[in-house]
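The values are calculated or read from the model by the stated rules, or taken from the named source; none is laboratory data. Note that this is a predicted model, so its numbers are computed, not measured. Cβ coordinates were reconstructed from backbone atoms using ideal geometry, including for glycine residues, and neighbour counts include every protein chain displayed.
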Amino acid sequence: MAKFDDVYYDLWENTEFVAITTKGEDGPHVVGNWGDYVRKLGLRDETIVMPAGSYHQTEKNLSQDNRVTLLIASRQVHGSRTPGQGCEITGTGEVVTSGAIADEVKENFPWARGALVVQVEKVTTQL
């Protein structure tokens, strides 16, 4: 069970961009998403849901190794030493293209083919 603190929630309220990393046959694969997309769908306990447009390589990677790392950051959240704070979020993920979560995402983001659903296991503050 991941431990969430106020910094984690402050970062989600202020982050603009989410970097998403999975492991593929050729090494790391990085894609992104917008922070306001996650905010629109809401944080759900230990689950993060975001719209998946293409994400075909991400989906392939997760089917072979479901580990995923997210990185969020904001200069609006004060860090321990400098302006700005970041957070590394690790867990497992899958691209879901049918069912209630996918339907909710498609309703909010008609261009999405489904949802990237991440089960959070660990949160590490950066900066």
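In the stretch 92-115, the residues that are modelled with pLDDT of 95 or more reach residues that are of a type in the set (Phe, Trp, Tyr) with C-beta atoms within less than 6 angstrom, at least six apart or across chains, in these pairs: Val95/Tyr55. Taken over the stretch 1-52, the residue count meeting the criterion of being among the hydroxyl-bearing types (Ser, Thr, Tyr) and part of a strand (DSSP E or B) is 3. You will find that of Ile48, Ile89, the residue that is closer than 18 Å to Thr125 by Cβ and in contact with a helix residue (DSSP H, G or I) (Cβ under 7 Å, 6 or more places away or on another chain) is Ile48 and no other. Only one of the numbered conditions (1) in a strand (DSSP E or B); (2) surrounded by 17 or more Cβ atoms within 10 Å (Cβ to Cβ); (3) of a type in the set (Val, Ile, Thr) is not met by Thr92, and that is (2).
Taking the stretch 88-105, which residues are under 17 Å from the mean Cα position of the chain (by Cα) and not acidic (Asp, Glu)?
Within the stretch 88-105, Ile89, Thr90, Gly91, Thr92, Gly93, Val95, Val96, Thr97, Ile101, Ala102, Val105 qualify.
Out of all the residues in the stretch 75-88, which are assigned to a strand (DSSP E or B) and touching a residue at least 60 places away in the same chain (Cβ under 8 Å)? Those that are assigned to a strand (DSSP E or B) and touching a residue at least 60 places away in the same chain (Cβ under 8 Å): Gln85, Gly86, Cys87. Among residues of the stretch 34-59 being of a type in the set (Gly, Ala, Ser) and surrounded by fewer than 17 Cβ atoms within 10 Å (Cβ to Cβ), the one that is nearest to Gly24 (Cα to Cα) is Ser54. Within the stretch 96-122, the residues that satisfy the criterion of being outside any loop (DSSP other than H, G, I, E, B) and either in contact with a Ser or Thr (Cβ under 6 Å, 6 or more places away or on another chain) or crowded, with 20+ Cβ neighbours inside 10 Å (or both) are Ala102, Val105, Gly114, Ala115, Leu116, Val117, Val118, Gln119, Val120, Glu121, Lys122. For the stretch 21-33, filtered to residues that are in contact with a strand residue (DSSP E or B) (Cβ under 9 Å, 6 or more places away or on another chain) and of a type outside the set (Lys, Arg), the residue that is surrounded by the most Cβ atoms within 10 Å (Cβ to Cβ) is Thr22.
In this entry, Leu62 passes the filter for residues that are surrounded by 14 or more Cβ atoms within 10 Å (Cβ to Cβ), under 15 Å from the mean Cα position of the chain (by Cα) and in a helix (DSSP H, G or I). Looking across the stretch 65-78 at every residue that is more than 13 Å from Val117 (Cα to Cα) and under 10 Å from the mean Cα position of the chain (by Cα), the one that is surrounded by the fewest Cβ atoms within 10 Å (Cβ to Cβ) is identified as Leu71.
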